[in-house]
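To start, the structure under review is shown below, and the notes come after it.
The values are calculated or read from the model by the stated rules, or taken from the named source; none is laboratory data. Just so it is clear, the model here is predicted, and its values are computed rather than measured. Here the Cβ positions follow ideal geometry from the backbone for every residue, glycine too, while neighbour counts run over all protein chains shown. Just so you know, the surface numbers come from the protein's heavy atoms only, side chains and all, with ligands and any DNA or RNA stripped out. Shrake-Rupley method; radii C 1.70, N 1.55, O 1.52, S 1.80 Å.
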Amino acid sequence: MKIYKSLLLSLVVLGVGSLSAQNPIVRDQFSADPTARVFNGKVYVFPSHDIPTPEGKGLRKDWFCMPDYHVFSSENLTDWTDHGMIVSQNKVPWVDSTSYSMWAPDCIERNGKYYFYFPANKNIADANGRQGFGIGVAIADQPEGPYIPLPEPIKGVNGIDPNVFIDKDGQAYLYWAMGNIFVAKLKDNMTELASEPMVIDNLPQKGLKEGPFLFERNGIYYLTIPHVENKIERLEYAIGNNPMGPFKMAGVVMDESPMNCWTNQQSFIQYRGQWYLFYHQDAYSPKFDKNRSICIDSLFFNADGSIQKVTPTLRGVGVTKTTDKIEIDRYSYKSENGSSVAFLDSVDTFNGWKTILSTKDSWVKYNTVDFGKKKLKKVQVKALSEKGSTLQIRLDKADGPVIAEIKIPQGTSWNTVEWKVSGIKPGIHHLIVALKDENTVEIDWLRFK
Ligand code: FUB
């Protein structure tokens, strides 16, 4: 309750509307390569930012187009605030501002300063005549910024996908990718290498690997990477007892994307006692996987420290309030037959999805909805049914109590209907929405009043 009150207050102060909780978590722009961090009791996500390739700039149409970075934060993993652009290719002296190459970043706090690490194409050749990817640092006093970029990239580093880890003894390490995965110690200033870059051994030799993210849990150092074992990337991990290795490959965190997104990139946090995996898919752009979207799912460890494989979900994490629009197309489970989702608008996919129920007793289940303490009297449903249909809402399970039976009027346009509900018990419940006849119905959202 306390969380909701402070959240509500901050949303009012910020003038920000309530955003959706489900996957993907950023719903008005493309986002990829999410690095999540817990700063000051809040979760911050530093993703990279895909955009559709602008015309007339001589850019490859089939490649990544990534001009800048935003930072997002949330206290409850449900409501996210976009703090806006923090670093742009136009504002970093060493970056080729025509390259749109601001790939996977990281951010870490040390002694009250926030160090944001990012790769990009350099606009000048280095001492070795190389002009490829450098890794730069921008520094801020708060996670939201403003971030001031250093005038030069980190010396001695050519690569992408920086990741920084600070061990218990205070030593910081920088990891990055360039064919292999590299590691070097960082000086206390966090902006210079303190050791020669070293290739991390014992990682797969065949298939691209990139995007290192290292974390420690119970004395085990987990080095996680996207790796192409087959045709596209999957998330794998190696373990060791030292941040510089040696590491031993230990398993798969997430299989290849069911949506066939060629890349994936990961980060891990523990927040309020639960571990989470942040990753990306191409949810809003299924036909072009260089326009990606970031997601979260819960992560669990086995007793021996091994990681349980995560299956990507639409529902994601966090609690949904009954008084918000509940997008049941982000379902937790659905019936095998007669239930599907589709974009509301296949041109502007950011309008989201609709649920389609088309056979008698087809259903979707949407988990973890907070009915609060107040007695709710009505449910509103935005739906469309050409022949008219009847929906039933139950709580918790297929044979759980029926709280509403809703008639969706016959018509060819969207209608918001309001119906009486009864028998709701306060607290957290799962919702089951089922079609009680055989007349197809499309549902945009529902919410309680
Ligand atoms: O986002 C651009 C690149 O694609 C990242 O840097 C890689 O790890 C992959 O996600």
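What number does the chain give for Rg over Rh if you use C-alpha atoms and the Kirkwood radius?
1.00
Give me the accessible area per residue for region 198-298, probe 1.4 Å, as a whole number in Å².
Averaged over the residues of region 198-298, the accessible area is 39 Å².
Over the chain, with a Gaussian network built from C-alpha contacts below 10 Å, which listed residue (Asn23, Asn76, Asn291) shows the highest mean-square fluctuation?
Highest fluctuation among the options: Asn76.
Please give the calculated 222 nm ellipticity per residue for the chain, where each DSSP H segment of at least 4 residues contributes -39500 (n - 2.57) and the sum is spread over every residue; nearest 500 deg cm²/dmol?
-1000 deg cm²/dmol
When the Cα centres of region 378-423 and region 289-351 are compared, how far apart do they sit, in Å?
The distance from the Cα centre of region 378-423 to that of region 289-351 comes to 22 Å.
Report, in cubic angstrom per residue, the convex hull volume of the C-alpha atoms of region 339-446. Intermediate results must be reported in sequence, preceding the final value.
Numbers: hull volume 10.4 nm³, N = 108.
Given the Cα convex hull of region 339-446, per-residue volume reads 97 Å³.
With the other protein chains left in place, how much accessible area per residue, in square angstrom, belongs to region 305-449 at a 1.4 angstrom probe?
49
Packing-wise, with mean Cβ within 10 Å as the measure, how do 29-40, 57-68 rank, highest first? Spell out each step's value before the answer.
Details: 29-40: 22.0, 57-68: 14.3.
Highest-to-lowest ranking by the protection proxy: 29-40, 57-68.
Could you check how much of the accessible area of the chain is carbon and sulfur, as a whole percent, using a 1.4 Å probe?
Of all accessible area on the chain, carbon and sulfur atoms account for 51 percent.
From Cα coordinates alone, what are the radius of gyration and Dmax values for region 66-110 in angstrom?
In Å, with Rg to one decimal and Dmax whole: 12.9, 37.
Express in nm, to one decimal, how much length is gained between Gln131 and Thr98 on full extension, taking 0.36 nm for each residue of separation and deducting their alpha carbon distance.
Extra length from Gln131 to Thr98 when fully extended: 10.5 nm.
On a full-extension model of 0.36 nm per residue, what is the gain between Met259 and Asp399, subtracting their alpha-carbon distance, rounded to one decimal in nm? Can you show the working numbers first?
Working: separation 140, 0.36 × 140 = 50.40 nm, distance 3.23 nm.
Going from the current span to full extension adds 47.2 nm.
Could you work out the per residue convex hull volume over the alpha carbons of region 317-374, in cubic angstrom? Could you put the intermediate results ahead of the total?
Values: hull volume 5.8 nm³, N = 58.
Per residue, the Cα convex hull of region 317-374 comes to 100 Å³.
So what are the radius of gyration and Dmax for the Cα set of region 213-343, in Å?
16.4, 52
Once every Cα of region 56-201 carries one equal point scatterer and solvent is ignored, give the base-10 log of I(q)/I(0) from the Debye formula at q = 0.11, 0.12, 0.13, 0.15 Å⁻¹, two decimals.
Result of the Debye calculation: -0.43, -0.51, -0.59, -0.79.
Would you rank Lys387, Lys334 by solvent-accessible area, highest first, keeping every protein chain in place and using a 1.4 Å probe?
Most to least solvent-accessible, the answer reads Lys387, Lys334.
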